[in-house]
Amino acid sequence: MSIKRMTAVWDQSRARGAQLLLLLAIADNAGDEGLAWPGLEELAQRTRVKKRAVIGQIEKLEQTGELRVLRRMGKHNYYIVDVGLTDVD
């Protein structure tokens, strides 16, 4: 768990509601560099929504630029929480 990443999401994210909750759930799994790989089922359980809703929220967070997704066939995706990252990061 990265306190740094979670704090950045709390302090700097423009997300609201379900998107903010999802971003916090991903950040909770991320290291200081912002990389996380929780499964969709885990994210659905933590945010208390259906897996399909998680997928839709992830797509919206990608569009806002607060989350990057590195998709891997047959494996968990990698997520990079971009909130609070600098060019150096």
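The values are calculated or read from the model by the stated rules, or taken from the named source; none is laboratory data. Being a predicted model, the structure only gives us computed values, none of them experimental. Every residue, glycine as well, gets a Cβ built from its backbone with ideal geometry; the counts of neighbours run over all protein chains shown. Ligands, DNA and RNA are excluded from the accessible area calculation, which covers all protein heavy atoms including side chains. Shrake-Rupley method; radii C 1.70, N 1.55, O 1.52, S 1.80 Å.
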ask   = Name the residues in the stretch 1-28 that are under 16 Å from G84 (Cα atoms), open to solvent by 60 Å² or more (accessible area, probe 1.4 Å) and of a type outside the set (A, V, I, L, M, F, W, C), would you?
value = K4, T7, D11, Q12, R14
ask   = Hey, Q57 hits all of (1) exposed (fewer than 15 other Cβ atoms within 10 Å of the Cβ); (2) free of Cβ contacts under 8 Å to residues at least 40 places away in the same chain; (3) assigned to a helix (DSSP H, G or I) but one; which does it fall short on?
value = (1)
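Per-residue answers, yes or no, for (1) touching a residue at least 40 places away in the same chain (Cβ under 8 Å); (2) in contact with an Asp or Glu (Cβ under 8 Å, 6 or more places away or on another chain); (3) not charged (D, E, K, R):
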{"position": "R5", "(1), (2), (3)": "yes, yes, no"}
{"position": "A15", "(1), (2), (3)": "yes, yes, yes"}
{"position": "A18", "(1), (2), (3)": "no, no, yes"}
{"position": "G34", "(1), (2), (3)": "yes, yes, yes"}
{"position": "G39", "(1), (2), (3)": "no, no, yes"}
